Amino acid sequence: AEEATTTSMSFTDVETGSKTANAIAKLVAHGIMNGYPDGSFKPDGSITRAEIAAVIVRFKKLANGLPADAVTGFADLDKDSSSAWARPYVKAAVDAGIINGFEDGTYRASEPVTYEQVIKMIICAIGYDVIASSEKSKLEAIGQTTTWSSGYIAAANKYGITANALTANVTMP
């Protein structure tokens, strides 16, 4: 997906006056989210890894003064002209310790972001990454099988960050 340029709150796929419309209006008004160039918002669509980086960076107000030609260090993103708009956001998120990509050195900007990845980004964005590490250690200490995301999810659950999540395929004790 391409970064949106729509600035009005009249999206072709958002019903005026609905709870969704009100939430979207607030996100747009605060500059956190935008619509798509075709006038849609896609409220039921998936969000890509590039888009979530932009959302988090805008929310944290880390995007000021970022060069449009930012080099992220992710070979796939730095070479992908269709995701060039996302480079400053990804670079800002990397610099802030919010994201770090995959072990193979890629970011995979156009892939849909997973629940686990979003939780990790949120936890790091609010500065709870040390807590997540501690939560993962606690799980391992009691013999719980863990993955890379276990501590982040445990921290998010512990502090109520996931309390109103509509869908979550991951459960932690």
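The values are calculated or read from the model by the stated rules, or taken from the named source; none is laboratory data. What you are looking at is a predicted structure, and each value in this text was computed from that prediction instead of being measured. Using ideal geometry, Cβ is built from the backbone for each residue, glycine included, and neighbour counts are taken over all protein chains shown. Just so you know, the surface numbers come from the protein's heavy atoms only, side chains and all, with ligands and any DNA or RNA stripped out. Shrake-Rupley method; radii C 1.70, N 1.55, O 1.52, S 1.80 Å.
Taking a point 7 Å from the Cα of L27 along the Cα-to-Cβ direction, the residues of the range 129-167 with backbone N closer than 17 Å to it are 162-167.
Put a dot 7 Å past the Cα of S134, heading toward its Cβ, do the same for K60, and the two dots end up 2.0 nm apart.
Working value for the chain: equivalent-ellipsoid semi-axes of 28, 21, 14 Å, each the square root of 5 times a Cα gyration tensor eigenvalue, largest first.
Per the Debye formula on identical point scatterers at the alpha carbon atoms of the range 48-125, with no solvent, log10 I(q)/I(0) at q = 0.13 Å⁻¹ is -0.31. Computed over protein heavy atoms with a 1.4 angstrom probe, the accessible surface ordering of D44, D38, largest first, is D44, D38.
Across S134, S18, S149, mean-square fluctuation computed from a Gaussian network of the chain (C-alpha pairs under 10 Å connected) peaks at S18.
Across T48, T20, T106, mean-square fluctuation computed from a Gaussian network of the chain (C-alpha pairs under 10 Å connected) peaks at T20. Highest mobility in the GNM of the chain, judged by mean-square fluctuation with C-alpha springs under 10 Å and restricted to A125, A156, A68, is found for A68.
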